[in-house]
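Heads up, the thing below is written out as structure tokens.
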Amino acid sequence: MRPFLAAIAVCALALPAQAQEKSKADHSKVLTDTATNLATANWKISSADWGDKNGPAWSVQLRTLHGGRQEGVQVIEVDNGAMSFTIVPTRGFELWKAKVGDLRLGWDSPVKEIIHPSYVRLNDNEGRGWVAGFGGLMVRGGLASFGNPVQDGDQTLTLHGHVDYIPASYVSVRFESGKLIFRGVVNDLSTFGAQLQLTSEISTVIGKPEVVFDDAVANLSDAPQDMQLLYHTNFGTPLLGAGAEFIAPVRKVQPINAASAAGGLVGWNRYSGPHTAPYAAQVFNMSLHVDSAGMTKAMLKSPDGGRAVLMSFDTRGLPYMSLWKNEVTPKGGYVTGLEPGTGFPNTRPEERAAGRVPNLKGGAVWRTHLAIAGLTSKSEVDSAAAAIQKLAVAPPVIDKTTTGP
């Protein structure tokens with residue numbers, strides 16, 4: 001693993017947020033800031049207000065949801081003229097859904113509402129309460145841990161950590177150089193526990209069917225801390241179905257457990273469609289070939305080959321990739337997850353023993369970069385597949401030994 005650490009003083013992150021925003025753009029708006037007791041309930045802006053009136057029309061709307069278990073959840077709905085997507089500041093600054101033309105990026109979770117964190121008890125179901133609100137397109141695991149529940153020394157770790165159920169303490173939007181940039185700060189902090197801060201910038205170029213995540217996780221303490229970060233990125237129909245294919249420049253692939261190893265990994269990267277009989281989810285962990293800058297790509301191609309989602313990410317911050325296949329019934333949570341991360345979704349003690357848990361020095365920052373693009377034509381899909389094939393300088397190593405228990 002090649003750590004992507006920046007020895008940046010935490011004081012730089014602690015500069016007044018408003019001053020940072022104003023120094024970057026004239027067109028900016030702070031929506032939430034706990035430091036100044038600022039909370040905006042509803043707000044909207046469009047290209048008619050901020051943008052180039054001769055360019056593609058775009059819009060941004062902040063809404064507060066009401067009723068049921070979504071009461072009080074805030075969403076930022078973005079339309080950049082080619083792609084629409086929804087950011088959820090109340091849920092760790094995650095991405096709930098996206099759409100490019102008629103191509104839906106996301107999945108049909110049994111959880112329909114965007115559940116407010118106050119209704120989720122992470123310790124439920126032997127530490128698996130995280131799934132009670134699971135329904136987003138891109139859901140982070142972390143910041144101190146991800147993977148299955150486990151007792152790690154004197155710490156009781158729940159499934160995929162806390163970050164997805166922590167509201168952002170700071171949220172802003174700015175428009176500059178033809179790009180919308182959304183900034184969120186999420187604090188995963190406790191006395192005698194984690195002191196980690198996620199600063200996320202989610203950006204999109206006007207008129208481009210792509211959303212980009214540039215994240216930084218800072219150790220706010222003056223002592224070393226373990227950190228883990230997983231981008232649990234989830235897709236269902238129409239991209240997922242019998243004949244769909246996961247394409248990546250795989251260097252080495254391994255099953256996570258015996259259920260995933262069944263069948264000798266034949267067809268591990270292809271999908272057979274929903275199963276009505278009992279089905280055990282499968283996970284395949286891998287490392288990927290990269291270009292000279294450490295960048296790599298992975299794609300989920302639709303059954304007809306005419307549409308896809310393309311993910312591009314920097315392996316200096318996200319050196320590993322996992323593929324989760326959950327081909328259950330359509331209403332039971334039929335979904336696949338393409339999951340770049342700092343490691344594999346085993347327990348933290350297992351990952352630490354394997355050398356895949358970054359340990360940040362006091363004040364250190366770990367940076368990641370991930371882009372998600374929707375492809376809506378066969379020519380786009382074929383071009384992306386060719387670029388991936390170009391990265392694959394050698395055939396993949398198929399290792400049937402498991403990476404987990």
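The values are calculated or read from the model by the stated rules, or taken from the named source; none is laboratory data. Quick caveat, the model's predicted, so the values are computed rather than measured. A quick note on method: Cβ atoms are made from the backbone with ideal geometry, for glycine too, and the neighbour counts reach across all protein chains shown.
Some points to look at:
- One residue from Leu338, Leu310, Leu360 being surrounded by 19 or more Cβ atoms within 10 Å (Cβ to Cβ), more than 15 Å from the chain's Cα centre (by Cα) and modelled with pLDDT of 95 or more: Leu360
- Extreme residue, surrounded by the most Cβ atoms within 10 Å (Cβ to Cβ), among residues of segment 80-101 that are within 13 Å of the chain's Cα centre (by Cα) and among the charged types (D, E, K, R): Arg91
- Checking each residue in segment 305-320 for being among the acidic types (Asp, Glu) and more than 27 Å from Leu103 (Cβ to Cβ) picks out no residue at all.
- Asp154 meets the conditions (1) modelled with pLDDT under 95; (2) buried (at least 24 other Cβ atoms within 10 Å of the Cβ) in every case but one. The failed one is (2).
- Here Ile115 passes the criteria (1) within 17 Å of Val212 (Cβ to Cβ); (2) in contact with a Lys or Arg (Cβ under 6 Å, 6 or more places away or on another chain) except the one numbered (1).
- A search for C-beta distances below 8 Å between a residue of segment 76-91 that is hydroxyl-bearing (Ser, Thr, Tyr) and any residue that is at pLDDT 95 or above and part of a helix (DSSP H, G or I), counting only pairs 6+ apart in sequence or on different chains, returns Thr90/Pro117.
- Checking each residue of segment 218-237 against the condition of being within 23 Å of Ser383 (Cα to Cα), out of contact with any Gly (no Cβ under 8 Å at 6 or more places or on another chain) and at pLDDT 95 or above gives at least one match.
- Here Thr329 passes the criteria (1) free of Cβ contacts under 8 Å to residues at least 60 places away in the same chain; (2) in contact with a strand residue (DSSP E or B) (Cβ under 7 Å, 6 or more places away or on another chain); (3) of a type in the set (Ser, Thr, Tyr) except the one numbered (2).
- Total residues in segment 79-104, condition hydrophobic (A, V, I, L, M, F, W, C) and within 21 Å of Val163 (Cβ to Cβ): 7
- Counting only strands (runs of 3 or more DSSP E) that fall entirely inside segment 108-206 and contain at least 3 residues that are in contact (Cβ under 8 Å) with a residue 24 or more places away in the chain and farther than 21 Å from Ala216 by Cβ, the qualifying elements are 155-157.
- Residues located in segment 239-259, provided they are farther than 20 Å from Trp107 by Cβ and either crowded, with 19+ Cβ neighbours inside 10 Å or modelled with pLDDT under 95 (or both): Pro249, Val250, Arg251, Val253, Gln254, Pro255, Ile256, Asn257, Ala258, Ala259
- Conditions (1) closer than 19 Å to Thr90 by Cα; (2) buried (at least 18 other Cβ atoms within 10 Å of the Cβ); (3) in contact with a Lys or Arg (Cβ under 9 Å, 6 or more places away or on another chain): number failed by Asp226: (1)
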